[in-house]
Every structure is written in structure tokens, then in C-alpha cells.
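Pasting a structure here, questions to come.
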Amino acid sequence: MRYRVAGYVKLAKLWERSRDTAIPYHHQYYEKKFEGHPDFELVDVYIDITGRKEIKNRPEMLRLINDCREGKIDCIATQTRAYLAANTGEFCSLLRYLFDMANPIHIITEDEQYNINTIANDDHQREELYRMARSFTEINPDEYRKWLEDVFLGIDKYVPQESGTHGY
């Protein structure tokens, strides 16, 4: 199987001053990483430059989630899992949502220690991450439902219905 992969980066607001170099750098990074790879096809690179930590306030993360939901992405690659979510609650909510999709999304990180690769699935990472995410979100199901509502409201706010344009 050839996976349709998306690169994701979340940069701090201070990178706004270097936006013209930061965005091309990260696009080139992922293009080079997956160029000619037999198992991966790079679909897009999603880059948020913001001081907002919550997923509901990160337009490119919302666009990425929407593209996953629409079946355009099979795998999210990111340099660190910290780019995905700022806290455990959001990380678990995001994982549960992505893993619960009809075609579950894979995650690959490059963290020095404790990297995630649900495709290789060493040590049954996918199953263990799902178990953790589900257990965490079931502790407070209202919080998970609220997270889902906020994400879908964010998608409606930031992601335009016409393809090829960004709503931010």
C-alpha cells in the first residue's frame, strides 16, 4: 500500500517574522523526506504559525483534520508529537478521532525518544495509543464531545468549501 501522507508543523507566533523562510523550509523538508519513497506520497504540508495552542484555533490543523475526514490523507507525519496537541486531553481526543475514522489515520513522529509509527506498529503502538486515547476520553465524555464540537465549528469557520483555497 502507498500511503498518502501529510506533513504537519506547528510553529510559535515568533516565527511569524520569518514566515517567508519558515514555510518554504518546511515544505522542502517534507518534499525531500518523501521524495521517491516507495511507500509514501506527500499530499500536502500543513503549517500553523500561531500562539494559539488549541486545535480549534489552528487553521492548518483543522484543514488537515478535514482532509483526513474527506479521505485525502492516510498518514500524518510530524517532527514531534508536541506539534499535534499542546496537552494530553487534546492529544487523546485527536488520536481517538483519527483512529475512529472509517479509514483510520496513521501517525509518524520523529521524536528522539518515544517516537510514534503506527504503520510499523512496533510494540503495538496503534492499539496502545488507541486504548490510552479511548480511556482518557471516556473519563469525561462531555469534554470529548465538546472538543469534537469545537473542532467541527473551527473547520466550518476556517476551511472553505471550495477546494484549493485556505480559509484563514
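The values are calculated or read from the model by the stated rules, or taken from the named source; none is laboratory data. The structure displayed is predicted, hence computed values, not measured ones. Ideal geometry is used to build each Cβ from the backbone, glycine not excepted, and the neighbour counts take in all protein chains shown. Only protein heavy atoms, including side chains, enter the accessible area calculation; ligands, DNA and RNA are left aside. Shrake-Rupley method; radii C 1.70, N 1.55, O 1.52, S 1.80 Å.
Go through the stretch 121-135 and give me each residue that's over 13 Å from residue 99 (Cα atoms) and open to solvent by 80 Å² or more (accessible area, probe 1.4 Å). Write out each step before concluding.
First, pick out the residues of the stretch 121-135 that are over 13 Å from residue 99 (Cα atoms): 121-124, 135.
Passing the criteria: 122, 123, 124.
Could you list all residues from the stretch 87-118 that are out of contact with any strand residue (DSSP E or B) (no Cβ under 7 Å at 6 or more places or on another chain), in a loop (DSSP other than H, G, I, E, B) and open to solvent by 60 Å² or more (accessible area, probe 1.4 Å)?
We begin by selecting, within the stretch 87-118, every residue out of contact with any strand residue (DSSP E or B) (no Cβ under 7 Å at 6 or more places or on another chain); these are 87-104, 110-114.
Filter once more, keeping what is in a loop (DSSP other than H, G, I, E, B): 87, 101-104, 110-114.
87, 102, 103, 110, 112, 113, 114, listed by residue number.
For residue 76, state whether it is assigned to a strand (DSSP E or B) and without any contact (Cβ under 8 Å) to a residue 40 or more places away in the chain. Steps first, please.
Values: assigned to a strand (DSSP E or B): yes; without any contact (Cβ under 8 Å) to a residue 40 or more places away in the chain: no.
So residue 76 does not fit the description; no.
Are any of the residues in the stretch 62-72 assigned to a loop (DSSP other than H, G, I, E, B), more than 24 Å from residue 147 (Cα to Cα) and more than 13 Å from the chain's Cα centre (by Cα)?
no
Go through (1) outside any helix (DSSP H, G or I); (2) among the aliphatic types (A, V, I, L, M); (3) surrounded by fewer than 18 Cβ atoms within 10 Å (Cβ to Cβ) for residue 82 and report which single condition fails.
Result: residue 82 fails condition (1) only.
If I go through the stretch 1-17 residue by residue, how many of them are closer than 23 Å to residue 54 by Cβ and in contact with a Phe, Trp or Tyr (Cβ under 9 Å, 6 or more places away or on another chain)?
Looking only at that region, the number is 6.
Please go through the stretch 1-34 and pick out each residue that is surrounded by 12 or more Cβ atoms within 10 Å (Cβ to Cβ) and outside any helix (DSSP H, G or I).
Correct list: 3, 4, 5, 6, 7, 8, 9, 10, 11.
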